[in-house]
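The values are calculated or read from the model by the stated rules, or taken from the named source; none is laboratory data. Worth saying up front: this structure is predicted, and the values here are computed from it rather than measured. Cβ placement follows ideal geometry from the backbone for every residue including glycine, while neighbour counts extend to all protein chains displayed.
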Amino acid sequence: MHDTAHELGGLFYETYVQPGSCILECGSMNVNGTLRDFRPAGSCYVGVDLAAGNGVDVVIGPDSRLPFKTEAFDAVTSSSAFEHDSMFWVTFLELCRVLKSGGFLYLNVPSRGGYHRYPIDAWRFFPDSGIALRDWARINQHHIELLESFITQNRGVDWNDCVMIFAKNGRPPAVGVADRYGLAFNIRRWPDLETISRRDDRW
């Protein structure tokens, strides 16, 4: 996990996740850092990934449903993983399914960066991806709202992040992650989702 992905994950936890929450991280293997570092006090934390390793509590197959009950988690996160998922849209529906009503779902996926297979490298995302995923969830009967989506300028590395934060029957805090992160731009924010801090150059 590169430095800005780690930093942005910490801001998500500070902004959205309460102490005592039950949290799922999808793609949880600790490779140069983990979002588990930011879990609030008293929380339960479950990490799933495709292989056993540091930070992985449950190993799942690449085409498997998540082995959890519907609405099992207060917060669901995935960082630096969807670019490696051949069918991320299927995984996204599973993340929506296991998210509790009133809970928050955090995705961080590169919008730019070098080719890095694990075991594939298939996708890059932009803020409009959040709208598309919200609509896909609704078509599949999940009551999901996009609260904020944006991309970030890199800080001396090859990576730019695309951050998307969703809620299931929930509302955003007064100050979101994009408000707290000075490198955020092309920001979409609930409720109107119009783009602010717009930049049209190649990112």
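Determine whether Arg124 is basic (Lys, Arg), under 15 Å from the mean Cα position of the chain (by Cα), under 30 Å from Arg155 (Cβ atoms) and at pLDDT below 95.
Spelling it out, Arg124 is indeed basic (Lys, Arg), under 15 Å from the mean Cα position of the chain (by Cα), under 30 Å from Arg155 (Cβ atoms) and at pLDDT below 95.
Search segment 140-166 for residues that are within 15 Å of Leu99 (Cα to Cα) and among the acidic types (Asp, Glu) and pair each with any residue that is at pLDDT 95 or above and outside any loop (DSSP other than H, G, I, E, B) when their beta-carbon atoms are under 7 Å apart and the residues are at least 6 apart or on different chains.
What qualifies is Glu145/Arg134; Glu145/Phe166; Glu145/Ala167.
Kindly establish whether Arg97 is touching a Ser or Thr at 6+ places or on another chain (Cβ under 6 Å), part of a loop (DSSP other than H, G, I, E, B) and not hydrophobic (A, V, I, L, M, F, W, C).
It is false that Arg97 is touching a Ser or Thr at 6+ places or on another chain (Cβ under 6 Å), part of a loop (DSSP other than H, G, I, E, B) and not hydrophobic (A, V, I, L, M, F, W, C).
Provide a single number: the residues in segment 108-142 that are loosely packed, with under 12 Cβ neighbours inside 10 Å and of a type in the set (Lys, Arg).
1
If you scan segment 44-75, which residues turn out to be farther than 27 Å from Gly170 by Cβ, among the aliphatic types (A, V, I, L, M) and modelled with pLDDT under 95?
Leu50, Ala51
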